[in-house]
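Enquirer: My questions all concern the structure below.
The values are calculated or read from the model by the stated rules, or taken from the named source; none is laboratory data. Computed from a prediction, not measured in an experiment: that's the story for all the values here. Cβ atoms come from the backbone with ideal geometry, glycine included; neighbour counts cover every protein chain shown. With ligands, DNA and RNA removed, areas are computed over all heavy atoms of the protein, side chains included. Shrake-Rupley method; radii C 1.70, N 1.55, O 1.52, S 1.80 Å.
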Amino acid sequence: MTYMDNNSRRLYGRALSVLAGGVNSSVRAEPSPYPFFVEKGDGGHIVDADGNKYLDYVMGYGPLLLGHDMPENVASAVQSETAKGPMYGAPTEVEVKLAEFVADHVDSVETLRFVNSGTEATVSAVRLARGITGRDKIVVMQGGYHGAQDSTLVEGNADTPEPSTKGVPASFARETLPVPFNDDEAVERVFEEHGEEIACVLVEPLIGNNAFIRPVEGYHRTLRRLCDENGALLVFDEVITGFRVGGLGCAQSTINVEPDLTAFGKIVGGGFPVGAVGGPSHLVEGFTPTGDVFQAGTFSGHPVTMAAGLETLRYAKDKNVYDHVNQLGDELRAGMTDVLEDYAPEYTVTGTDSVFKTVFTRETPEDLEDACDAGCEQNQDCPRYGVCPKDAGDVADAETERWKRLYWTEMLEEGVFLTPNQFEPQFVGYAHDEEDVEETLEAYERVVSSL
Ligand code: PMP
């Protein structure tokens, strides 16, 4: 075989000539030596351009709650919307129906504005919070990801925030105050110093793109209180967690803290480009035309996306999709925890519901008895509590190279496609089944035992 017999290799060669870095989203270039190109999805699997089939836990980086095959109701709604005409630039009924569905199921949401990506949702939510409060600064979590937006591509700490990429003005970064997740004192200090300048805290209920770290008990209550005391808004980024964790009530329903605004994305568009900002009417109506905060989009509320999102969520409700995916998620996390106990007790399984990840942490607690048995719950009685990751810094300190170069590569050789770094989470879809879980755990044991 010559190199050119490999279709992915050939496509990547062509892509490098016409697409920046050969891809349209940076993370897709991470797999080494080059990404496989996808021919098609197949239930819980993905098939590459050379006919190789992988068990897929990337699930499009989260939007594919159901897997790759659209159930009949989703497929026919998508086809019928497409057949009527792709889009109009005037409102349609299906936008109203999806908004009604979300407002009916997410307690904090009364009114929405749909946009086209998670990035657009967080950009719009931050602009709305700034417009409503008349303040400029925002608090974010170190290592949190809110999309490719200038206000949040910021690193460092609240005293020395700096752009995390070229192209973001240092003056923008100075309006952003990054704090470590799960650290009450750090965020209290920031509010003491800047309380009257802070428009919002923008935070995920769980740190989604950093190994899916859960909050420690009471952390979001602290954020809620600080926002209330200082006249700031609490904005939840539920782009990953929305309709994934906590079922149709989203992750906010599991921590009993109500945000002022929520940014949605991914699953709410049923696999098509989407984002949304939701909250009580008196806040969300701050957007134009009712309010003074400009917001608009040619493709926003796209009828095909709206139909796919609505039918996906209806299907999830009717078929008890969350019971199935969460059960498999539990089995995966529990099975992985068992494997680690035998071969790598220093590593930590994270995730919840249908999300899972292994963090290659470096320290083994003295005693593993009564440890969290299906993914780290930030349980203070767990013997791992002192060594399990609490914030992005802890994940960055893990064995990230071993994860990426050995574990990821060898899992792929086993036929299991995971997100290609230590940080991004992995997802179970409705198309996965018990057999897939078994196969995954067998592969996991073979790979982890040889690391
Ligand atoms: N917020 C979070 C929490 C995300 O995980 C992402 C994407 N992974 C975004 C925002 C940005 O969404 P999008 O890629 O659709 O712009």
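Enquirer: Contour minus end-to-end for Glu401 and Glu366, with contour as 0.36 nm per residue of separation and end-to-end as the Cα-Cα distance?
Expert: Numbers: separation 35, 0.36 × 35 = 12.60 nm, distance 2.55 nm.
This chain segment gains 10.1 nm when fully extended.
Enquirer: According to the Kirkwood expression over distinct Cα-Cα pairs, how big is the hydrodynamic radius of the chain, in Å?
Expert: Details: mean 1/r = 0.0442 Å⁻¹.
In the chain this quantity evaluates to 22.6 Å.
Enquirer: Okay, moving on. Just check region 328-406 against the gyration tensor rule for me: Cα atoms, a ≥ b ≥ c as the square roots of the eigenvalues, rounded for a/c under 1.5, and otherwise prolate or oblate depending on whether a/b exceeds b/c. Write out the running numbers ahead of the final one.
Expert: On the way: a/c = 1.32, a/b = 1.11, b/c = 1.19.
It is rounded, given that a/c, with a ≥ b ≥ c, falls under 1.5.
Enquirer: Search the structure for amide H atoms under 5 Å from the amide H of Gly301, placed 1.01 Å from N in the peptide plane, and list their residues when 5 or more places away or on another chain.
Expert: Placed amide hydrogens put Val115 under 5 Å from Gly301.
Enquirer: Sticking with the crude label model, points 7 Å out along Cα→Cβ, report the distance from Gln79 to Gln327 in nm, one decimal please.
Expert: Label at Gln79, label at Gln327, 3.0 nm between them.
Enquirer: Continuing with this model, one more query. For Ile213, what residues show an amide H to amide H distance below 5 Å, using hydrogens built from the backbone and excluding near sequence neighbours?
Expert: Those lying under 5 Å, H to H, from Ile213 are Ile207.
Enquirer: How much FRET efficiency would the formula 1/(1 + (r/R0)^6) give for Glu100 and Arg225, where r is the Cβ-Cβ distance and R0 is 45 Å, rounded to 0.05?
Expert: On the way: r = 32 Å, r/R0 = 0.71.
For R0 = 45 Å, the calculated efficiency reads 0.90.
Enquirer: Also, quick follow-up: About the Cα centre of the chain, what is the dipole size in debye to 20, counting +1 per Lys and Arg Cβ and -1 per Asp and Glu Cβ, all else neutral?
Expert: Details: 34 positive and 76 negative charges, 428 e Å.
The dipole of the chain has a size of about 2060 debye.
Enquirer: Ordered by residue, what ³J(HN,Hα) values in Hz, to whole numbers, does region 16-22 give under the Karplus form 6.51 cos²θ - 1.76 cosθ + 1.60, where θ = phi - 60° and Gly and Pro are x?
Expert: 4, 7, 10, 10, 4, x, x
Enquirer: Counting Lys and Arg as +1 and Asp and Glu as -1, each charge on the Cβ, what is the dipole of region 72-318 about the Cα centre in debye, to the nearest 20?
Expert: Working: 18 positive and 35 negative charges, 137 e Å.
Value, rounded to 20: 660 debye.
Enquirer: Here's something else I'd like to know. Using per-residue counts of other Cβ atoms within 10 Å, averaged over each peptide, order 337-347, 235-245, 359-369, 297-307 from highest down. Mind showing how you got there, number by number?
Expert: Values: 337-347: 17.2, 235-245: 29.7, 359-369: 15.0, 297-307: 21.3.
The densest-packed peptide leads the list: 235-245, 297-307, 337-347, 359-369.
Enquirer: Further question on the same structure: Taking only protein heavy atoms and a 1.4 Å probe, what accessible area per residue, in Å², does the chain have with all protein chains in place? The partial results should precede the final answer.
Expert: Numbers: 19320 Å² over 451 residues.
That works out to 43 Å² for each residue.
Enquirer: Could the peptides 117-129, 92-104 be put in order, highest first, of the mean number of other beta-carbon atoms found within 10 Å of their residues? Mind showing how you got there, number by number?
Expert: Numbers: 117-129: 25.8, 92-104: 17.2.
Peptide ranking by packing, descending: 117-129, 92-104.
Enquirer: Related question: Would you mind classifying region 164-291 by shape? Square roots of the alpha carbon gyration tensor eigenvalues, ordered a ≥ b ≥ c; an a/c under 1.5 is rounded, otherwise it is prolate if a/b is larger than b/c and oblate if not.
Expert: On the way: a/c = 1.34, a/b = 1.20, b/c = 1.11.
Rounded, because the longest to shortest axis ratio a/c is under 1.5.
Enquirer: Let me ask something additional. What does region 72-318 give for Rg and for Dmax, in Å, if only its C-alpha atoms count?
Expert: For region 72-318, the Cα radius of gyration and maximum Cα-Cα distance read 17.7, 56 Å.
Enquirer: Here's another thing I want to ask about it. Put one equal scatterer on each alpha carbon of region 94-167, apply the Debye formula with no solvent term, and list log10 I(q)/I(0) at q = 0.13, 0.18, 0.27 1/Å to two decimals.
Expert: -0.51, -0.85, -1.28
Enquirer: Report relative contact order for region 72-318 in percent, whole number only (criteria: Cα-Cα under 8 Å, sequence separation at least 6). List each step's numbers first, then the result.
Expert: Details: 504 pairs, mean separation 71.8, N = 247.
Rounded, it is 29 percent for region 72-318.
Enquirer: Work out from phi, with θ = phi - 60° and the Karplus expression 6.51 cos²θ - 1.76 cosθ + 1.60, the ³J(HN,Hα) of each residue of region 129-140, listed in order in whole Hz, and give x for Gly and Pro.
Expert: For region 129-140, the Karplus-derived couplings read 4, 5, x, 5, 8, x, 10, 10, 7, 10, 9, 10 Hz, x marking Gly and Pro.
Enquirer: Placing +1 on the Cβ of each Lys and Arg and -1 on the Cβ of each Asp and Glu in region 204-341, which of Leu226, Gly335, Ala308 has its Cα farthest towards the positive end of the resulting dipole?
Expert: Comparing the listed Cα positions along the dipole, Ala308 ranks first.
Enquirer: Per-residue ellipticity at 222 nm for the chain, helices alone: DSSP H runs ≥ 4 residues times -39500 (n - 2.57), over residue total, nearest 500 deg cm²/dmol? Walk me through the intermediate numbers first.
Expert: Details: 14 runs with 154 residues, N = 451.
Rounded to the nearest 500, it is -10500 deg cm²/dmol.
Enquirer: Three principal axis extents, largest first, for the C-alpha atoms of region 253-391, in Å?
Expert: That gives 60, 33, 24 Å along the principal axes, largest extent first.
Enquirer: Sticking with this structure for a sec: Rounded, prolate or oblate for region 386-437? Axes are the square roots of the Cα gyration tensor eigenvalues, ordered a ≥ b ≥ c, and the cut-off for rounded is a/c under 1.5. Walk me through the intermediate numbers first.
Expert: Values: a/c = 2.74, a/b = 1.56, b/c = 1.76.
It is oblate, given that a/c is not under 1.5 and a/b is not larger than b/c.
Enquirer: Now for a different question. Extending each Cα 7 Å along its Cβ direction at Asp50 and Glu435, get the distance between those two points in nm, one decimal.
Expert: Output for this residue pair reads 2.5 nm.
Enquirer: Any idea which of Gly246, Val18, Leu64 is furthest toward the positive side of the dipole for the chain, if Lys and Arg beta-carbons carry +1 and Asp and Glu beta-carbons -1?
Expert: So the residue furthest toward the plus end is Val18.
Enquirer: Using only the Cα atoms of region 235-308, what are the Rg and Dmax in Å?
Expert: Considering region 235-308 through its Cα atoms, Rg and Dmax are 13.1, 36 Å.
Enquirer: Once the piece of chain linking Ala170 and Glu442 is laid out straight, how much longer is it, given 0.36 nm per residue of separation minus the C-alpha distance between them? Each step should come with its number before you reach the end.
Expert: Working: separation 272, 0.36 × 272 = 97.92 nm, distance 4.85 nm.
Between Ala170 and Glu442, full extension yields an extra 93.1 nm.
Enquirer: Straight distance only, please: which lysines reach the Cα of Lys404 with their own Cα at less than 28 Å, same-chain residues fewer than 8 apart left out?
Expert: Lys404 reaches Lys40, Lys53, Lys166, Lys266, Lys357, Lys390.
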